[in-house]
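Just so it is clear, none of the values below were taken in a lab; they were calculated from the coordinates. Quick caveat: nothing in here was measured; it's all calculated off a predicted structure. Counting neighbours? That spans all protein chains shown, and the Cβs are built from the backbone with ideal geometry, glycine included.
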Amino acid sequence: MIFLRVASYAFRRQAAYRAAAASGVLTNTVFGVVRAYVLIALWQARPSLGGYHVADAVAYCFLTQALIGPVNIFAGGLDLVERIRTGDVAIDLHRPVDLQAWWLADDLGRAAFALLFRGGAPLLFGVFAFRLPVPGPLVWLEFLLSVLLAVLVSFGLRYLVTLLVFWLHDDRGIRSVAFIASMFFSGMVLPLVVFPGWLGGLSRVLPWAALIQVPADVFLGKGPDLLDAYALQVVWAVTLIGGGRLLTRATRRKLVIHGG
Amino acid sequence: MIEVRDAVKNFTIRSSGVRTRVTAVDGISFTVGAGEFVGYLGPNGAGKSTTIKMLTGILTASSGSVRVAGLDPSRQRTTLARRIGVVFGQRTTLWWDLPLRDSLTLIRHLYKVESRVHRARLDELTELLGLGPFLGTPVRQLSLGQRMRGDLTAALLHAPPLLVLDEPTIGLDVVSKATVRDFLQRLNAEQGTTILLTTHDLGDIERLCDRVMIIDHGRLAYDGDLDTLRTTVDAERVLIVDLERASPPIRIDGVETVRVEGPRQWLTIPRGLNAAAVVAAVARRHEVRDIALREPDIEDVVTRLYLR
Ligand SMILES: Nc1ncnc2c1ncn2[C@@H]1O[C@H](COP(=O)(O)OP(=O)(O)O)[C@@H](O)[C@H]1O
Ligand SMILES: [Mg+2]
């Protein structure tokens, strides 16, 4: 299967940059520690804020650090943005294969590498350094499925951002809006459970919640039922990827490729 | 193999809110038959790449019709991609971080080439293009010439009857250029592959093509063989003379002094005149420090075409 190969090559491509992966692991872990102390201070001031205990908050913090890579939370768009800008997209468009499926396979390969080699370390460090409770194997499986769905939602979002960049002839503006939205509404900065009122409620059903808050809750055994959690992720994955498909067709029709 | 009729491509560009229309290809028509080796020549920005993109179905013509290998490129892009080979000289279809061999394997699956057929084809291309020493090297470490040979292989793995090349020799060193040219010539002569080659290097055309089409400002200015082109435009050779000291324009019968810059002068010699005789005449009457004869290049030829 061609897409399996694309995914495995994307995986290996990441592996070609070991130094980058290693420094990513280090940064994510160090920042995890810093954030953990901030959250500890917050929860000591407001115990059981948002239904979390201090241990939950610390675990949450290392979970988010572990998920940075797989859901590519800082990325904004796909590498495809750059390829559209330089005109290299001509190569992608010539290939006898579905553009979106190709990039999805590529992103899954990338995410698999990030999960294995960038996600594990911060999480393990957190567990040992802060003596966090470790869930049983079933919870790990449930968590992994939720991470997979999170990656699909993340791809759906970044693919749409990429096409929007193309349609609106704007790179930085759209990408920074996308970046800020994914930082705040994913629960990356603070768990969404601490946001009160309607804003909190809304933020917990937006697609960004499916990136970090939902998988973290699955791990911690918090938040909505497992099935509701999955349902939210599936609905957003299908909606966003489906939207991407429609927009791809329209884009192809008006696509203008830059440069020689 | 290729049939283009009155093809036009307009782009709308927006800069600071103002829309302007650029006509990159302005109504061109031509046909290319099976087995031909056609050069598509033109200065930068002439519309060559845009034409290639219409031929491959990546761009849709604004008006006019385009047919390649019996298909409508923009409607049957995927089917067409399996029947033609395309090389974009300034880009690569190879994966930057993977060894060349792995990229080629991925492309084999993309084009659904059987494993056995692939191996035979790859062996053949490896031999012809000398890929052996760098098949295992990551593409980002390849020289431009090696990468181009890799890209040629990628475009030909599925043995397409038509190969379209957009500036495949751009930026290559002399040796790589020669390798690529030799290879293309053999491909055309021995396997009968139809080739359309885009370039702004007149050397490519002189060395390879029976037929040349010249495009400028989106219009076809010439379609025919190279010799006829030469005589049609009667492109003059230019003699560059460095005198010992600045002097008034050199005057020799039949020769025109077109430019004077200090001690350096440019003389144009028409085709009919013997260049050696002109050189001798100059040397007899002036103190010459250096002298050089330049054959007409693409810019001269195109300029001439338009001055006619
Ligand atoms: N995507 C595009 N948007 C706007 N103008 C373009 C685009 N692509 C090409 N052009 C314009 O069309 C003309 C022809 O370009 P091109 O076909 O790339 O020329 P060549 O390949 O002969 O150098 C140029 O003036 C170029 O600026
Ligand atoms: Mg070009």
**Fill in**
Here the net charge surrounding residue A:186, from other residues whose Cβ is less than 13 Å away from its Cβ (Lys, Arg +1; Asp, Glu -1), is +1
**Asked** What is the calculated FRET efficiency for residue B:225 to residue B:26, with r their C-beta to C-beta distance and R₀ = 25 Å, to the nearest 0.05?
**Response** 0.55
**Prompt:** FRET efficiency for residue A:169 and residue A:116, Cβ-Cβ distance as r, R0 = 41 Å, nearest 0.05?
**Reply:** 0.65
**Request:** Tell me, rounded to the nearest percent, the portion of alpha carbon pairs in the range B:1-137 spaced more than 23 Å apart.
**Result:** 49
**Per-pair calculated FRET efficiency, R0 = 22 Å: residue A:227 and residue A:48 via Cβ, rounded to 0.05** = 0.30
**Prompt:** Averaged across the residues of A:85-91, what count of C-beta atoms belonging to other chains lies within 10 Å of each residue's C-beta?
**Reply:** 5
**Asked** How far, in nm, would the chain grow between residue B:247 and residue B:294 when pulled straight, counting 0.36 nm per residue and subtracting the alpha carbon separation?
**Response** 14.7 nm
**Fill in**
Residues whose modelled amide H sits under 5 Å from the amide H of residue B:221, counting only those 5 or more places away in sequence or on another chain, are B:214, B:215, B:216
**Complete:** Relative to the compact-globule estimate 2.2 N^0.38 Å (N residues), the Cα gyration radius of the range A:2-254 stands at a ratio of 1.02
**Prompt:** Under the definition of partner shielding as Cβ atoms of other protein chains within 10 Å of a residue Cβ, what is the mean value for peptide B:11-23?
**Reply:** 1
**Debye intensity ratio in log₁₀ form over the Cα atoms of the protein assembly as shown, taken at each q of 0.09, 0.11 Å⁻¹** = -0.81, -1.03
**Item:** Fraction of beta bridges assigned by DSSP in the protein assembly as shown that are antiparallel (%, nearest 5)
**Value:** 70
**Fill in**
Other residues with Cβ under 13 Å from the Cβ of residue A:150 give, with Lys and Arg +1 and Asp and Glu -1, a net charge of -2
**Asked** Measuring from centroid to centroid over Cα atoms, what is the spacing of the range B:54-84 and the range A:4-27 in Å?
**Response** 37
**Prompt:** Which of the peptides B:255-261, A:161-167 is most tightly packed, and how do the rest follow, judged by the mean count of other Cβ atoms within 10 Å per residue?
**Reply:** A:161-167, B:255-261
